[in-house]
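Worksheet for the structure shown next.
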Amino acid sequence: MSTRLAGQTAPTLPQEPGWGQSLCRFGRAFLAWEDGRVTDLGFGESKLPVNSGTRDDPVAAQWLEQVIEDGIVPPVTLTGSSFQLEVWKTLQTIPRGDTRSYAEIAKAVGCTSARAAGQAVAANRIGLLIPCHRVIRSDGMLGGFRWGLSVKTRLLEWEAAPTGMPAEKSG
């Protein structure tokens, strides 16, 4: 199942499929797009997006800066099961600087399995915009993170800092 979530108004991403990477405050980041919407946003090099698009690092760098530094939220395309989409929608309700446990996410979507919720969280391909980094274990430990615990830690610390992530803006 695929769904499109409209973000705040922002300059348009290219319609043609593409991807690129750039350095940011969290290390190397990558962004992929198609039809003017983000399809992947992540960190590191081990899980680069695989699409047939053209590599365009300058476009990715511009967009990553707008997302990370300016709080611009571009439109995204999410592809997943109905359950995954419900979990990802719930992740978007977690305020910046706050966290929820996998069990809390499961309960919020009417599921009794924290493990199932965790698997849905882990399947998220659009980091930061779908804030899977805000989900931790019930014992307060970080749990896992697709792009590594050091990136998860930096994201959480940055969002919790008084001068961290700016408020979302319309472009």
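The values are calculated or read from the model by the stated rules, or taken from the named source; none is laboratory data. Being a predicted model, the structure only gives us computed values, none of them experimental. No Cβ is skipped: glycine too gets one built from the backbone with ideal geometry, and neighbour counts run over all protein chains shown. To get the accessible areas, we keep the full protein, side chains included, count just its heavy atoms, and leave off ligands, DNA and RNA. Shrake-Rupley method; radii C 1.70, N 1.55, O 1.52, S 1.80 Å.
Kindly sort Lys89, Lys107, Lys152 by accessible area of their heavy atoms, largest first, with the probe set to 1.4 Å.
On the way: Lys89 130, Lys107 165, Lys152 0 Å².
Ranked list, largest accessible area first: Lys107, Lys89, Lys152.
A full extension of the chain between Glu157 and Arg55 corresponds to an added length of 33.6 nm, given 0.36 nm per residue minus the alpha carbon distance. When the charge dipole of region 40-142 is built from unit charges on Cβ atoms (+1 for Lys and Arg, -1 for Asp and Glu) and taken about the Cα centre, the candidate among Thr99, Val67, Gly44 whose Cα reaches farthest toward its positive end is Thr99.
Seen from all directions on average, region 117-162 presents a Cα convex hull projection of 3.3 nm².
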